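Here's a structure for you.
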């Protein structure tokens, strides 16, 4: 299975991190938490037949009953919405205190809200929203979120470059300008926009990485077709500089890292999180790894090699990871890899006093 992307000595050497010069910018003492729960609210896949397992709770087969005149009784089971987008609910617990943030909002105006309603997820208790970056497939669900919450104020933390105009301009000439977020529109919906380039420590001990150090040789960003408007014209935008991730430190076990697309490079992101926090163990990695398509398939091998060396206990590649990378990761990390699916909750808990 994808044996042309196997873990070789050469790949391991190529994928080894290069140290960023100097001390970490804004080093963070990341508080330890007793538990983190990551619930996938929007992703590319929903599979109602997946079984729950230890620490992995799948959505019920009966999630999402809705009216349908064609059925006796006038309703059917609609399941959950899957789309090319990503959103996750991240809840941390320290003692008896819990804190919940929303990371990204999916692509369409209603998928996040529909899934929240069908799952019975209460969004009124959210302490804030964080965007991984400005691409529309991570920022499209604010309309539905505002509908569920009403016009109550909610902090929204973003990188300042999240408002950048971008387009896809392939050599075929059939380009697409991507929808661009409007700060004014979000503020009119009650969101309190906070711009930060640097790492930010949020409620409950959840860290936003801020801009990520790009130190590996193989994670080179987006191809020339991905462009940004600089005020005078369109230019190649390889870095997607607004790309950032969430990080949580589970007591006695290590870091949980949640990515949106991983445009900074998923290995870069993990290494950056370790450098910021001084925590050298990766417990779990969840989210999009952006390894899909011809431009990124050469990156699969060294990425798998680096992640295999990091040896996470849980790895849930989703969204833009792509099937070739999924197969390679599942083969290399069979005990850690878990199939993503909308409505799944991943629980990672600190050891109790009685644990060996």
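Quick note: the coordinates plus some simple rules give every number you see, no bench work behind them. Since the structure is predicted, the reported quantities are computational estimates derived from the model, not experimental observations. Using ideal geometry, Cβ is built from the backbone for each residue, glycine included, and neighbour counts are taken over all protein chains shown.
Cut-off is 10 Å between beta-carbons; in what order do 341, 99 appear when sorted fewest neighbours first?
On the way: 341 22, 99 19.
By the 10 Å Cβ count, ascending, the order reads 99, 341.
Dividing the alpha-carbon radius of gyration of segment 90-134 by 2.2 N^0.38 Å (N being the number of residues), what value is obtained? Please list the in-between numbers first.
Numbers: Rg = 11.9 Å, N = 45, 2.2 N^0.38 = 9.3 Å.
Here the answer is 1.27, to two decimals.
Sort largest first and round to whole Å: the equivalent ellipsoid semi-axes of segment 224-270, each the square root of five times a Cα gyration tensor eigenvalue.
On the way: eigenvalues 204, 17, 7 Å².
Here the semi-axes work out to 32, 9, 6 Å.
Right, something else. If contacts are Cα pairs under 8 angstrom and at least 6 residues apart, what is the relative contact order of segment 50-91 in percent?
Values: 31 pairs, mean separation 11.3, N = 42.
Rounded, it is 27 percent for segment 50-91.
Simple spin-label model, 7 Å along Cα-to-Cβ: residue 165 to residue 230 in nm?
Computed distance between label sites residue 165 and residue 230 equals 1.5 nm.
What FRET efficiency do you get for residue 183 and residue 151 if R0 is 25 Å and r is their Cβ-Cβ distance, rounded to the nearest 0.05? Intermediate results must be reported in sequence, preceding the final value.
Numbers: r = 16 Å, r/R0 = 0.66.
It comes to 0.90.
So what is the calculated 222 nm ellipticity per residue for the chain, using -39500 (n - 2.57) for each DSSP H run with n of 4 or more, over all residues, to the nearest 500 deg cm²/dmol? Can you show the working numbers first?
Numbers: 8 runs with 67 residues, N = 356.
My calculation for the chain gives -5000 deg cm²/dmol from helical runs alone.
Using Cα springs under 10 Å in a Gaussian network model of the chain, which residue among 139, 273, 67 shows the largest mean-square fluctuation?
Among 139, 273, 67, the largest GNM mean-square fluctuation belongs to 67.
Now a separate question. Looking at segment 113-235 only, what percent of DSSP beta bridges run antiparallel? Nearest 5 please. Before the final figure, lay out the partial values.
On the way: 10 of 17 bridges.
Looking only at bridges with both residues in segment 113-235, the antiparallel portion is about 60 percent.
I've got another one for you. Give me the percent relative contact order of the chain, please, defined on Cα pairs under 8 angstrom at least 6 residues apart.
Details: 855 pairs, mean separation 80.6, N = 356.
With pairs under 8 Å counted, the relative contact order is 23 percent.
In segment 234-356, what % of DSSP beta bridges are antiparallel (nearest 5)? List each step's numbers first, then the result.
Values: 5 of 16 bridges.
Approximately 30 percent, going by the DSSP bridge assignments.
Gaussian network model of the chain, Cα springs within a sub-10 Å range: biggest mean-square fluctuation belongs to which of 188, 37, 220?
Top of the fluctuation ranking is 188.
Right, something else. Fewest to most neighbouring Cβ within 10 Å: what's the order for 255, 49, 176?
Ascending number of Cβ neighbours within 10 Å: 49, 176, 255.
Sort 199-210, 81-92 by packing, meaning the average of other beta carbons within 10 Å per residue, with the highest value first. Working shown, then result.
Working: 199-210: 20.5, 81-92: 23.6.
Output ranking for 199-210, 81-92: 81-92, 199-210.
Roughly what % of Cα-Cα distances in segment 54-166 sit above 19 Å, to the whole percent?
Values: 3370 of 6328 pairs.
Percentage above 19 Å: 53.
While we're on this one: Kindly state, to the nearest 0.05, the FRET efficiency for residue 339 paired with residue 174, given R0 = 45 Å and r defined as their beta-carbon distance. Working shown, then result.
Numbers: r = 33 Å, r/R0 = 0.74.
Calculated value: 0.85.
Output the relative contact order of segment 114-156, whole-number percent, from Cα pairs under 8 angstrom with separation of 6+ residues.
Details: 22 pairs, mean separation 21.8, N = 43.
So the answer I get is 51 percent.
Using Cα springs under 10 Å in a Gaussian network model of the chain, which residue among 319, 138, 327 shows the largest mean-square fluctuation?
327
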